[in-house]
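Trainee: My questions will all concern the structure given below.
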């Protein structure tokens, strides 16, 4: 069944009532059932994948980590427009502490940002992690994770010295060993750092005879033939230095069961699947082999396992690039064997990077042209990100992860995939067989067949976010609510000011979804009903990043040449020292400038007068000790007499028999209004006598008392009111990305500051046009030697691409 035909013609079926698999008798019924179940599972729990392109593999304290984010759906890798918020963490491996968090706004599946490695971030091993809220419904193993190292000037340049036991595991092909059925066993050995370790060893029978030996071929992985016998148990031993051997666990031999051997290497157009069975009382067993790629059914094949087994020739020309998951179902339609196979038709994008010339001078302008085509050579529009680094300082890691290796391989496997780009390098003749070892030693566990075939799939606990979520709880008199309560919210920042309403549930919990804003947002939250509003209290639930695994023994996840590292740290320290001196010089210049002028205070539009004879600034302490505005005046302003208190107080200004004119925020008012004011709303009180009050004419003959309120001030921030039953706080929004600074040296530049940037140029938001081309220009640094150029690409249709180039500065 061709891949394209299966996917395009697959209807979106309604959920069918469960029918027991044991009663499915025809191939058509089984095929339809499997297709429907997988479709329903994918539509209920669709997969998202995140990928980050970083500008370089390691950094120094004070440096900046620049990243471009790509977000795709999991099956066809189409640019994901569902989740618009991507979380990017910087995690210290030693403690598992989250050192920094960025909320990246994704538009059409792309976004970008950076981490500034301030002095508060200690040197050591870190993990950069990316995920959406929806991705948290799956195990955290499927988050994007990249290990980096942050060096400082005192860094020890010695390499990893992993100590501890070697973990060696055996993986029978098809999942189990069955007595008297010849099969293959793959194995993988890792050291204390979790990296592949070359090993050798042997397998002994009960009699002590050696029945098999093994030796790893690639990154601790290998494979050997094995013929288990009935009633036999086996022991495996790992050879160490000298004659030392270490026993390791070996798989148990089952008396009955199924095995499946897959040959995906002999024929580039076909995959050979061989199945065997040993089931008491059965000589011929009808079975199905189901192949799916990232949850989409690729084929369903039917056959019968006889005394000599069953062999199927399955065409691979229509299968998509990436991992195909093969499952053998028995005559009861139960999954009994599984195996992964990797299909590579070289269908990824071709990304060519061409400098305008091969050699440049230091600080010379560099012109680069990027050309993106599909596998047939046709130009393609794609989103790109481009990084240029100084090869004299930054050693690119061998076969480091790129967007092609991640989307097609690493994102669908658990565990550490070392040197993933190796398996896509056409110059490596052994890469296909080594890829097969990888397929046998890793499993795709995004779902279990038991979950797919179940009557009901549990609903997702986390939702798709298209903006920031504000979530919290409301209590009344510190007790849980027993009914729904209406809420009002006033949201504001430099570019946003809006009012909205919401409602709690019966338990007082509320959630506001999809707030789209950058930087920070000020929130004023209160109940809408005036009754008992003052008894409400609010608690916001902050975003809690998933807890990271604690690494007991931090290791350097990068390979660094000692000389290059020394140059890297030296230049990083030099750049930071130059920046520090520039800042100091600027500060000194500012201190030496003398400004002789009277500071102009903006005129308060509420004051008709130029100045008052006396002004009383109201403080919270003053307000808390008095009941009215006139009480606060009593005894505090010379010449002002206040007799009595509260509403009955009498006021006079020395030399006048009558009461003064009362003015509130520039408007004449009755004394009763002044005495009824909330003292906490008063900002200041001005007293005008004699000539100062003349501007009010005859009404001001007995003087003027001018009361200015906080709310009347045009600069007053209402959100800062401290009112019972009201919460005022700030929440974080989308990260505002910084622009990468690239000096414009040029022939006329007078800038003589040394320039030895390790990242010479970084452009995250680049796009090829209809002709498949994109062009960038920048000025090279002072570095002499090679510059590495790396480009990552992704089309809206889900085709990834990677390209690299280099040029020389002399």
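Trainee: Based only on other Cβ atoms within 10 Å, what is the fewest-to-most ordering of 482, 808?
Mentor: Ordered from fewest to most neighbouring Cβ atoms within 10 Å, 482, 808 come out as 482, 808.
Trainee: Here's something else I'd like to know. Take the Cα pairs of segment 468-546, get the Kirkwood Rh, then feed it into Stokes-Einstein at 10 °C and 1.306 mPa s and tell me D in µm²/s.
Mentor: Calculated translational D: 119 µm²/s.
Trainee: A further question on this structure: Please give the Cα centre distance for segment 101-146 versus segment 534-549, rounded to the nearest Å.
Mentor: Taking the Cα centre of each part, segment 101-146 and segment 534-549 sit 20 Å apart.
Trainee: Tell me, Kirkwood radius of segment 174-242 from alpha-carbon pair distances, in Å? Don't jump to the answer; show the numbers that get you there.
Mentor: On the way: mean 1/r = 0.0766 Å⁻¹.
About 13.1 Å for segment 174-242.
Trainee: Right, another one. Just need the Rg to Rh number for segment 614-716, please, alpha carbons only, Kirkwood Rh. Display every interim value, and only then the final one.
Mentor: Values: Rg = 12.7 Å, Rh = 13.6 Å.
Rg/Rh: 0.93.
Trainee: Okay, moving on. Using helices alone, what [θ] at 222 nm do you get for the chain, with -39,500 (n - 2.57) per DSSP H run of 4 or more residues, divided over all residues and rounded to the nearest 500?
Mentor: -3500 deg cm²/dmol
Trainee: Work out the FRET efficiency for residue 604 and residue 119 from their Cβ-Cβ distance, taking R0 = 30 Å, and round it to the nearest 0.05.
Mentor: 0.10
Trainee: Can you give me the relative contact order of segment 664-810 as a percent, contacts being Cα pairs under 8 Å and 6 or more apart?
Mentor: 14
Trainee: Please give the length that would be gained between residue 543 and residue 311 if that part of the chain were fully extended, namely 0.36 nm times their separation in residues minus their C-alpha to C-alpha distance (nm, one decimal).
Mentor: 78.2 nm
Trainee: A follow-up question, please. Relative to the present Cα-Cα distance, how much length would full extension add between residue 678 and residue 786 at 0.36 nm per residue of separation?
Mentor: 31.7 nm
Trainee: Once you keep just the Cα pairs under 8 angstrom separated by 6 or more residues, what percentage relative contact order results for segment 468-546?
Mentor: Dividing the mean separation by the residue count of segment 468-546 yields 43 percent.
Trainee: Further question: Would you give the gap between the C-alpha center of segment 381-440 and the C-alpha center of segment 665-696, rounded to a whole Å?
Mentor: 75
Trainee: Label-point separation (nm) for residue 302 and residue 477, each offset 7 Å from Cα along Cα-to-Cβ?
Mentor: Each label point lies 7 Å from its Cα, and together they span 7.1 nm.
Trainee: Also: Can you tell me the 0 to 90 degree angle between the C-alpha axis of helix 27-44 and the longest principal axis of the chain, rounded to 10?
Mentor: Compared with the principal axis, the helix lies near 20 degrees.
Trainee: Moving on to the next point. For segment 255-270 and segment 335-375, what is the separation of their Cα centres, given in Å?
Mentor: Rounded to whole Å, the Cα centres lie 33 Å apart.
Trainee: State, to one decimal in nm², a quarter of the convex hull surface area for the C-alpha atoms of segment 661-718, i.e. the direction-averaged projected area.
Mentor: 4.1
Trainee: Obtain the nm distance between the two label points defined at residue 359 and residue 462 by a simple spin-label model: each point lies 7 Å from its Cα along the Cα-to-C-beta direction.
Mentor: Inter-label distance under the simple model: 5.4 nm.
Trainee: Here is a further query. Assuming R0 = 45 Å, can you tell me the calculated FRET efficiency for the pair residue 255 and residue 217, based on Cβ-Cβ distance, to the nearest 0.05?
Mentor: E between residue 255 and residue 217, to the nearest 0.05, is 0.90.
Trainee: For segment 233-316, take every pair of Cα atoms, bin their distances at 5 Å starting from 0, and report each bin as a whole percent.
Mentor: Final binned percentages: 3, 11, 16, 15, 13, 12, 11, 9, 6, 3, 1.
Trainee: Figure the gain on full extension for residue 736 and residue 498 (residue separation times 0.36 nm, minus the Cα-Cα span) and round it to one decimal in nm. Show your work: numbers first, answer last.
Mentor: Details: separation 238, 0.36 × 238 = 85.68 nm, distance 2.08 nm.
Contour length minus Cα-Cα distance gives 83.6 nm.
Trainee: Would you mind putting 743-756, 424-437 in packing order, based on average other-beta-carbon counts within 10 Å, highest first? Write down the numbers at each step before the final one.
Mentor: On the way: 743-756: 11.2, 424-437: 14.6.
Those peptides, ordered most packed to least, come out 424-437, 743-756.
Trainee: Just to be sure I understand the model, the point goes 7 Å from the Cα along the line to the Cβ. What's the resulting residue 749 to residue 367 distance in nm?
Mentor: Going from the residue 749 label point to the residue 367 one covers 1.8 nm.
Trainee: With r defined as the distance between the Cβ atoms of residue 514 and residue 810 and R0 fixed at 56 Å, what FRET efficiency is calculated, to the nearest 0.05? Could the numbers behind the result be given before it?
Mentor: Working: r = 54 Å, r/R0 = 0.96.
The formula returns an efficiency of 0.55 here.
Trainee: Stokes-Einstein D for the chain at 25 °C, 0.890 mPa s, Kirkwood Rh over Cα pairs, in µm²/s? Show your work: numbers first, answer last.
Mentor: Values: Rh = 32.6 Å.
Answer, rounded: 75 µm²/s.
Trainee: Pairs of Cα atoms under 8 Å, at least six residues apart: use those to get the relative contact order of segment 350-491, whole percent.
Mentor: Normalised by residue count, the contact order of segment 350-491 is 12 percent.
Where a number appears in this text, it was derived from the coordinates with a stated rule and is not lab data. Since we're looking at a predicted model, the values are computed, not measured. Cβ coordinates were reconstructed from backbone atoms using ideal geometry, including for glycine residues, and neighbour counts include every protein chain displayed.
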